[in-house]
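Okay, so here's the structure we're looking at.
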Amino acid sequence: MENIKLKLQGEDSFPVQEAYKVLRTNLLFCGQDIHIVAVTSCHENEGKTTICLNLAKSLAELNKKVLVIDADMRKSVMAGRDTTAKNVVGLSEMLTGMNNLGECLYNTQYETLQIMFAGKYPPNPVELLNGKYFQELLKELRKHYDYVIIDTPPLGEVIDAAVVAPSCDGTILVMGDRNVRKKQMQDVVEQLQKGGSKILGVVQNNTRSKDRSYYYYRKKNYEYR
């Protein structure tokens, strides 16, 4: 199992890390049956990948065993932007039988936090996510991890998250684009609800604290609602 290093945005900002602790606490209070969580948004570049990784790190700080799965097999940036990983194999190789589970897991500098990257882009991501091997993977992961955080593509643009979410214990929506219209958010919520997904809450990203002293470093601040 290869060792990599995470490069987390906001890890040196006290207000940002405190906000992630609030998010972590809210997730813990969602109930002891919540172990596999999908994270999605309306559009790309709303910060959901950053939130996935920081939330996972915050859970790992409680000595929880955590796995982040990058399920964006269309346009993932996690491996190249947020880690030191190179030439990775991941979810697509796992689901197509090209590599086994152990070969697709990467250790991080946080002892109880591991990552499974998206892998090479397949021509049929929805079919892979909707297939029996993905279901079997989640069933196996439940035995070994306290939390599995699944980073999915924006549901306002592709259907992948709606395919993944019903297999999870709940879904978190990230809203970081101030231009997202109410109707767009409603459509995303309706898609999730039609599939039977439990919506745990919304993370409002790219907001500013009203208290300038609290927002001294001018980093991103995250609010859980």
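The values are calculated or read from the model by the stated rules, or taken from the named source; none is laboratory data. Predicted, not measured: the structure shown is a model, and the values here were computed from it. Neighbour counts run over all protein chains shown; Cβ positions are idealised from the backbone, glycine included. These area figures cover heavy atoms from the full protein model, side chains too; ligands, DNA and RNA do not enter into them. Shrake-Rupley method; radii C 1.70, N 1.55, O 1.52, S 1.80 Å.
Summary of computed values
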| quantity | calculated |
| --- | --- |
| Antiparallel content of DSSP bridges confined to the chain, in %, to 5 | 20 |
| Whichever lysines have a C-alpha closer than 26 Å to that of residue 5, once near sequence neighbours (fewer than 8 apart) are set aside | 21, 48, 57, 64, 65, 75, 86, 120, 143, 219, 220 |
| Relative contact order [Cα under 8 Å, 6+ residues apart], segment 53-195, whole percent | 27 |
| Those GluC sites (Glu not before Pro) in segment 81-111 that DSSP places in a loop and that have at most 14 other beta carbons within 10 Å | 111 |
| Rough spin-label spacing in nm, given labels placed 7 Å along Cα→Cβ, for residue 74 and residue 101 | 2.8 |
| Projected label distance in nm at residue 204 and residue 135, using a 7 Å step from Cα toward the beta-carbon | 3.9 |
| Rounded to 5, the percent of DSSP beta bridges in segment 51-170 classed as antiparallel | 20 |
| Computed [θ] at 222 nm, helices only, for the chain once each DSSP H run of length n ≥ 4 contributes -39500 (n - 2.57) | -9000 deg cm²/dmol |
| Charge sum, other residues only, whose C-beta stays under 14 Å from residue 110's C-beta, Lys/Arg counted +1 and Asp/Glu -1 | +1 |
| Listed residues 77, 126 arranged by accessible area, highest first, probe 1.4 Å | 77, 126 |
| Farthest toward positive dipole pole in segment 28-185 [+1 Lys/Arg, -1 Asp/Glu at C-beta], among 150, 80, 174 | 174 |
| Nearest-10 value in Å² for the accessible area of residue 88, using the 1.4 Å probe | 30 |
| 13 Å beta-carbon shell around residue 7, net charge (K/R +1, D/E -1) | 0 |
| Inter-probe distance in nm under a simple model that places probes 7 Å from Cα toward Cβ, at residue 22 and residue 3 | 3.6 |
| Residue of 169, 151, 12 that the Gaussian network model of the chain assigns the largest fluctuation, springs spanning Cα pairs under 10 Å | 12 |
| Residues residue 120 and residue 157, FRET efficiency given R0 of 25 Å [Cβ-Cβ distance, rounded to 0.05] | 0.75 |
| At R0 = 22 Å, FRET efficiency that the Cβ-Cβ distance of residue 11 and residue 185 yields, to 0.05 | 0.15 |
| Among (i) 52, 39, 32; (ii) 52, 49, 32; (iii) 48, 42, 35, the entry that matches Cα extents along the principal axes in Å as calculated here | (i) |
| Solvent-accessible area, 1.4 Å probe, carbon plus sulfur percent, for the chain | 48 |
| Per residue accessible area in Å² of the chain, where ligands, DNA and RNA are left out and the probe is 1.4 Å | 50 |
